[in-house]
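Chemist: Structure incoming, see below.
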Amino acid sequence: MAWKKGQSGNPGGRPKTSHEARLACQALNDETLSVLAELLTNADASIRFKAACRIRDEANGRPVQAIELQRKDELELTNKSEAELMAIVQGAVTEQASRKGGAD
């Protein structure tokens, strides 16, 4: 299904959390930060490193990790007709369904 120009893929937006839940999480975040700060003085270097990384991620957000995906058959989709694209999608859906059915 194609989206109309200017149409949101998630018109309802993010789910709202209650004010009480948000306050409780903020209180836990403060406690978590205190624990992480304590771990920065741990004798084990790996624990200090993990604590420092976690504090950095909390302050700045986690670093973006690029993932490159390639299919074995190297499909060039820009030159395909709509019918060819639909056949590719249907094949992928069928393949996924057969994998799920075999996993049970």
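Chemist: Among the residues of region 63-76, are any among the charged types (D, E, K, R) and over 30 Å from Ala2 (Cβ atoms)?
Modeler: no
Chemist: So, one more: Which pairs have Cβ atoms under 8 Å, sit 6 or more apart or on different chains, and link a residue in region 69-81 that is under 17 Å from Gly91 (Cα atoms) to one that is part of a loop (DSSP other than H, G, I, E, B) and at pLDDT 75 or above?
Modeler: none
Chemist: Tell me which residues, restricted to region 66-89, are surrounded by 10 or more Cβ atoms within 10 Å (Cβ to Cβ), at pLDDT 75 or above and not in a helix (DSSP H, G or I).
Modeler: Hit for region 66-89 is Lys80, nothing else.
Chemist: Taking interchain pairs and intrachain pairs at least six residues apart, which have beta carbon atoms under 7 angstrom, with the first residue in region 11-37 and at negative phi and surrounded by 10 or more Cβ atoms within 10 Å (Cβ to Cβ) and the second modelled with pLDDT of 80 or more and assigned to a helix (DSSP H, G or I)?
Modeler: From residues that are at negative phi and surrounded by 10 or more Cβ atoms within 10 Å (Cβ to Cβ), the pairs are Leu36/Ala51; Leu36/Arg54; Leu36/Ile55.
Chemist: With respect to Gly13, is the statement that it is closer than 30 Å to Gln90 by Cβ and either assigned to a loop (DSSP other than H, G, I, E, B) or touching a helix residue (DSSP H, G or I) at 6+ places or on another chain (Cβ under 7 Å) (or both) true?
Modeler: Judged against the criteria, Gly13 is not a match.
The values are calculated or read from the model by the stated rules, or taken from the named source; none is laboratory data. Keep in mind it's a predicted model, so treat the numbers as computed, not measured. Backbone-built Cβ (ideal geometry, glycine too); neighbour counts: all protein chains shown.
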